[in-house]
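S.K.: Here it is, the structure in full.
Each value in this text was obtained by applying a stated rule to the coordinates, not by laboratory testing. Since this is a predicted model, take the numbers as computed values, not measurements. In this analysis, Cβ positions are derived from the backbone assuming ideal geometry, glycine residues included, and neighbour counts consider all displayed protein chains.
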Amino acid sequence: MFKRLLIYVAGSLLLLSASGCLVAESTYLKKVEEADGLSKELVGLQQAHKKLSLENALLKSKFNRLTEDAAVLTADKKQLEGILRAKSDTLSKNISELRQQMAELRVENEKLNEDIAELQKAKEEKVKEVSGTYEKLLANMKNEIAQGQVTISELKGKLTVNMEAAILFDSGKANVKPEGLDILNKMVETLKNVNGKAIRIEGHTDNVQIAGGLARTFPTNWDLSAERAINVTRFLQEQGVDPRNLSATAFAEFKPVADNSTREGRAKNRRIEITLVTKD
């Protein structure tokens, strides 16, 4: 009985021992699996850490570059602000100066406009005066004009009385003949009233050279044209025309108005011209 009991107890112990071994082995396997899982997780975490560390380094580098760029931009901004302030001050000064100059120019322009108006008025009065002189001369010398011996023209304020030498002088002479004096007398009263104009008496000849005994008196056409112009000028002065307005000029044959190859042309070139021009 006791022996049977011992056998039973021993069997029970063996069963308990076998059961414990089975439990321990199962726990070990679980731990091994857990360790493997943790190892894999650790490897994954290490790889993620390495990747994040690289990204962090890149971000820090980019941050540093941006910080440096921001510092440069800040410095540039300050410099530009200084330049803009300087330019703004300069522009303000220039604008002020230009406004002052514009104000001065307006005043000057107003004065110039007034001067122009006065000059225009004076010019119109001079034109009226010349036109009046022209009309008077036309009326006084209508017979000579009708015969073609005298022409009177007016152009741009310049009045010209053109007289053929034949009505004033005998051929080869420089003294004004009596008939010529009568013609000049028709002009005297009008010329006396000329103001602000120069009265120029011009002597002209044809291109035929002086020869024979006449050359002893007038060696060249210059001499003949000069003497004729002077004698007309002297007569006008003697009749009361202001000598300060008078002048005598000789052109000889060098300012023809017609063809010297014809008799008619040479007659037109032998002439006295009395011109009214603006004083110098």
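S.K.: Whole Å is fine, so just give me how far the alpha carbon centre of the stretch 217-242 lies from that of the stretch 151-202.
M.R.: For the stretch 217-242 versus the stretch 151-202, the Cα centre distance is 11 Å.
S.K.: Just one of (i) 1, 5, 9, 11, 11, 9, 7, 7, 8, 8, 7, 6, 5, 3, 1, 1, 0, 0; (ii) 1, 4, 7, 9, 8, 6, 4, 3, 3, 2, 2, 2, 2, 2, 2, 2, 2, 2, 2, 2, 2, 2, 2, 2, 2, 2, 2, 2, 2, 2, 2, 1, 1, 1, 1, 1, 1, 1, 1, 0, 0, 0; (iii) 1, 5, 11, 15, 18, 18, 14, 10, 5, 2, 0, 0 is P(r) over Cα pairs in 5 Å bins from 0, in percent calculated from these coordinates, so which is it?
M.R.: It is the value labelled (ii).
S.K.: Quick one: length gained pulling E189 to L98 fully straight, 0.36 nm per residue minus the C-alpha distance? Please report the intermediate quantities before stating the final value.
M.R.: Numbers: separation 91, 0.36 × 91 = 32.76 nm, distance 5.75 nm.
My answer for the length gained is 27.0 nm.
S.K.: What net charge is computed for the residues neighbouring D280, neighbours being all others with C-beta under 12 Å from the C-beta of D280, Lys and Arg scored +1, Asp and Glu -1?
M.R.: Spelling it out: positives minus negatives among the neighbours equals +3.
S.K.: Turning to a different aspect of this structure: Just list whichever of K192/K279; K136/K192; K142/K186; K186/K255; K158/K279 have alpha carbons separated by over 18 Å in the model shown. Could you put the intermediate results ahead of the total?
M.R.: Values: K192/K279 16 Å; K136/K192 12 Å; K142/K186 10 Å; K186/K255 26 Å; K158/K279 11 Å.
Correct reply: K186/K255.
S.K.: Return the distance in nm (one decimal) between the two label points of a simple spin-label model at N109 and R244, each offset 7 Å from Cα along Cα→Cβ.
M.R.: 4.0 nm
S.K.: Just give me a number: lysine pairs in the stretch 33-128, eight or more positions apart or cross-chain, with C-alpha atoms less than 19 Å apart.
M.R.: Taking the Cα cut-off of 19 Å, the pair count is 10.
S.K.: May I pose another question? Between T220 and A86, what length comes free when the chain is fully extended (0.36 nm per residue of separation minus the Cα-Cα distance, one decimal in nm)?
M.R.: Working: separation 134, 0.36 × 134 = 48.24 nm, distance 7.93 nm.
Taking 0.36 nm per residue and subtracting the Cα distance, the gain is 40.3 nm.
S.K.: Using a 7 Å offset from the Cα along the Cα-to-Cβ direction at both K255 and A198, what is the distance between the two label points in nm, to one decimal?
M.R.: Calculated label separation equals 1.1 nm.
S.K.: Suppose the chain between E55 and D69 were pulled fully straight at 0.36 nm per residue; how much longer would it get relative to their current alpha carbon spacing? Don't skip to the end; give the middle numbers.
M.R.: On the way: separation 14, 0.36 × 14 = 5.04 nm, distance 2.07 nm.
Computed gain between E55 and D69 is 3.0 nm.
S.K.: Helix 178-192 versus the longest principal axis of the chain: what angle, 0 to 90°, nearest 10, using Cα atoms?
M.R.: Tilt relative to the chain: about 40 degrees.
S.K.: In a Gaussian network model over the chain where Cα atoms closer than 10 Å are linked, find which of Q149, Q47, Q209 has the largest mean-square fluctuation.
M.R.: In this elastic network of the chain, the residue with the biggest mean-square fluctuation among Q149, Q47, Q209 is Q47.
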